[in-house]
Structure formats: structure tokens, C-alpha cells
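Each remark here refers to the structure printed beneath this line.
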Amino acid sequence: MGPAEIAHGPMFIGFVFNAILYGIMITQCYLYSVTSKSDRLWIKLFVAVLLIADTLNTVFNTMYLYDALILHFNDPHYLETANWVFATSPALTAIIAAMVQTFFAWRVKALTSNMWFVTAIMFFTLVGLFCGLGAAIGVGIVRNFIDIIKVRVVGIPWLVANSVGDVLITSILVWHLAGLKSGIAATDTTINRIIRVTVETGMCTSICAVVDLITFLVIPTGIHLIFNSALSKLYTNSLMSSLNSRATWSSRSDSTPRSFVPVMNSSRSSQLSKNSKNLQGPKRPKQLLVHVESHEMRDWGDQKPEVNMASTNDVPPSIVDLRNNNTSAEGRKLQWANEKQVGEAV
């Protein structure tokens, strides 16, 4: 087995997946720019920084493969060693993963207000960040691809911390969202959609990190580079998928009330004001109710008149309708309050 087949073959396959996911990331960022113009400024800047980091990762991977496979095509000694351009891959992957997990930690804080959850998530996030940077430094020191297994002292904690952090974030969000179900069909349907997206995005990065770790420990060749090269793009796409899916949650369907718009931006107060108007339903034309009384004079003499108490069923239809309308309005307000709690933090 030649030196190119040991490391650069799996690296090239991983680069193909990296490039495909980068194209999806660009599409996701375009959709975000179109559908989320009212998001807070810091979220927009955060997305821009992620896109820049993702772009640098793809550029450095391209530079290294071109340098190794084209410029040094017939140089086996060069193919056996790594350089600083190759070392940028684990470094940028660790930085991107830490940024995405920090964002989801903020979402957990906004949704649950539980600092213990946030502290646990940030602990694994920081462990993954520092160990990932340590792995990049270790690659620069070891240099030889055959000896890269020596960096497992920091490589194992890096991938384990990322996996545990992803599982922790997903579990907390699913647990809390499931507890917000109120029995109202429209609200529960929307919550189930959010839970499904949360599980899909969180488990995707966690499974990839676990497979990367297993192949790194079990297979002595560079097979793990297939998964490691695509890991950074999975993190960015999982975040962008979560942000862009809000547009589908807020679109009205037959089972989704108009009042539920789970957005996370500075115009929430104006949106909630519009939603409160929607709760009133369509305006009805004003009606003038006229009650006509008729009196009849009779001479009862010594006979006492019988007094008939009005039955509770003799309530005018207009009053019954008014009661029903009030009950229905209260039900709508209760449903809107439950949905608001979910929408404020998602």
C-alpha cells in the first residue's frame, strides 16, 4: 500500500463529501438571508462567521490535496508527511463545532432557564475545543501520517466530548419540548415537528463523531479522514437547518393556528401583537337587539295569579352565543399562551 493510498485516498473521498456539504451550506445561507431578515444582528453575524470558517476549511483542504497530489505527484516522501495546511482541518473543525454547540447551549438557556444544563453543555464544548486544537498541534509535531495515532491522547477526548455534547443538547431539548405538550392538537403537532428536527440534526453530528473515533482507533490507515473531513460541514448544516426550519413551523396549515410563529428575533413583540389580533377571529357586523314586551291587563278578583319562574333554559339565543364566544376566546388564548412559550426560544 503506497503512501498516497494510506492517507490521501480517504482524504480525497472525505473532501468530496466536504465539497457537497459546502454547496448545501451555501444554499442554506441563501435561504436564511431571504427568510430571516428580521433576526437579531448578532445571529446574522454568527451565521456569517460560520460561513467564513466553513469556506476556509474547504479552501485549505483543496490547497493541501492539490499540493500533495498534483505538485508533488512523484514525491513519496512528501506524501508521507503532513504540513500546517493539513493541520488546519482539525483546528477549524473543533472551532466550528464549539461555535455551533455554544449556540445550542444559548438556546437551551433561553428555553429552560436552567444554568446546570448550560454548564454541562459548555464543559464538553470547551473540552472538545481545546482537545481539537491540541490534535492540530500534535499533527504538526508528529507530521508522519503513520504516526498520527500518537495524537490519540487528545484526539479521543476531542471526539468523545463532541459526541457527548451533541447527545446532551438533543436530550435536553427533546425532554423540555415534550413537557410543553398541552393536549391541544395544533400545538402538539408543531412541537413534534420541532422535536423531529432537533433529533435529526443532533444525532447526525454525534454519529459521525463516534464513527470517526472508532475508525481512528481500530483501523491503522487514514479511513477516519473520510468522516473527519465532513464533520465540520455537518455541524454548520445542522445549525442552518434548525434556523431555516422555523419558516415551515410558522407557515399556516390546516392543523396549525395562525397565532403560532416560532421566530427568534427582535420583532417578537410586534409579531405577538399581530397574533393577539388574530385571536379575535373575523369581525362580525354589529347587530341591534330589540326586546319587545307585551302587557295584558286582567281582573283576577279573589284568585291569586300563579307565578312561573323563568327556566334557566329560557335564556335568549344571543346570550348563549355570547357565552360560547367567550369560552371559545378563552380557549384560543390558552392555546396561544402555550404556543408562545415554545416559540420564544426556538
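I'd like the full set of residues that are over 22 Å from the mean Cα position of the chain (by Cα) and among the aliphatic types (A, V, I, L, M), limited to the range 216-250.
Those that are over 22 Å from the mean Cα position of the chain (by Cα) and among the aliphatic types (A, V, I, L, M): 217, 218, 219, 223, 225, 226.
Can you confirm whether the range 74-86 contains a residue that is touching a strand residue (DSSP E or B) at 6+ places or on another chain (Cβ under 9 Å) and among the hydrophobic types (A, V, I, L, M, F, W, C)?
yes
List the pairs whose first member sits in the range 25-41 and is under 20 Å from residue 54 (Cα atoms) and in contact (Cβ under 8 Å) with a residue 60 or more places away in the chain, whose second member is hydroxyl-bearing (Ser, Thr, Tyr) and in a helix (DSSP H, G or I), and whose Cβ atoms are under 7 Å apart, counting only residues at least 6 apart or on separate chains?
25/236; 28/241
Return the only residue of 160, 174 being more than 20 Å from residue 111 (Cβ to Cβ), surrounded by fewer than 22 Cβ atoms within 10 Å (Cβ to Cβ), touching a Gly at 6+ places or on another chain (Cβ under 9 Å) and among the β-branched types (Val, Ile, Thr).
160
Would you point out the residue of the range 44-99, among those that are touching a residue at least 40 places away in the same chain (Cβ under 8 Å) and among the small types (Gly, Ala, Ser), that is nearest to residue 237 (Cα to Cα)?
For the range 44-99, the residue satisfying everything is 97.
Quick one: which helices (runs of 4 or more DSSP H) sit completely within the range 69-188 and have at least 1 residues that are of a type in the set (Gly, Ala, Ser)?
Because the criterion is at least 1 residues that are of a type in the set (Gly, Ala, Ser), the helices (runs of 4 or more DSSP H) in the range 69-188 that meet it are 84-112, 115-142, 152-179.
With the condition kept exactly as written, say whether any residue in the range 95-110 is among the hydroxyl-bearing types (Ser, Thr, Tyr), within 19 Å of the chain's Cα centre (by Cα) and surrounded by fewer than 16 Cβ atoms within 10 Å (Cβ to Cβ).
no
Within the range 52-63, is even one residue among the hydroxyl-bearing types (Ser, Thr, Tyr), more than 25 Å from residue 124 (Cα to Cα) and assigned to a loop (DSSP other than H, G, I, E, B)?
There is no residue in the range 52-63 that is among the hydroxyl-bearing types (Ser, Thr, Tyr), more than 25 Å from residue 124 (Cα to Cα) and assigned to a loop (DSSP other than H, G, I, E, B).
Among the residues in the range 140-147, are any closer than 21 Å to residue 122 by Cβ, more than 14 Å from the chain's Cα centre (by Cα), surrounded by fewer than 18 Cβ atoms within 10 Å (Cβ to Cβ) and in contact (Cβ under 8 Å) with a residue 60 or more places away in the chain?
No, every residue in the range 140-147 fails to be closer than 21 Å to residue 122 by Cβ, more than 14 Å from the chain's Cα centre (by Cα), surrounded by fewer than 18 Cβ atoms within 10 Å (Cβ to Cβ) and in contact (Cβ under 8 Å) with a residue 60 or more places away in the chain.
Please find, within the range 18-74, the residue that is modelled with the highest pLDDT out of those that are of a type in the set (Lys, Arg) and surrounded by 13 or more Cβ atoms within 10 Å (Cβ to Cβ).
For the range 18-74, the residue satisfying everything is 44.
The values are calculated or read from the model by the stated rules, or taken from the named source; none is laboratory data. Computed from a prediction, not measured in an experiment: that's the story for all the values here. Glycine also receives a Cβ, built like all others from the backbone with ideal geometry; neighbour counts cover every protein chain displayed.
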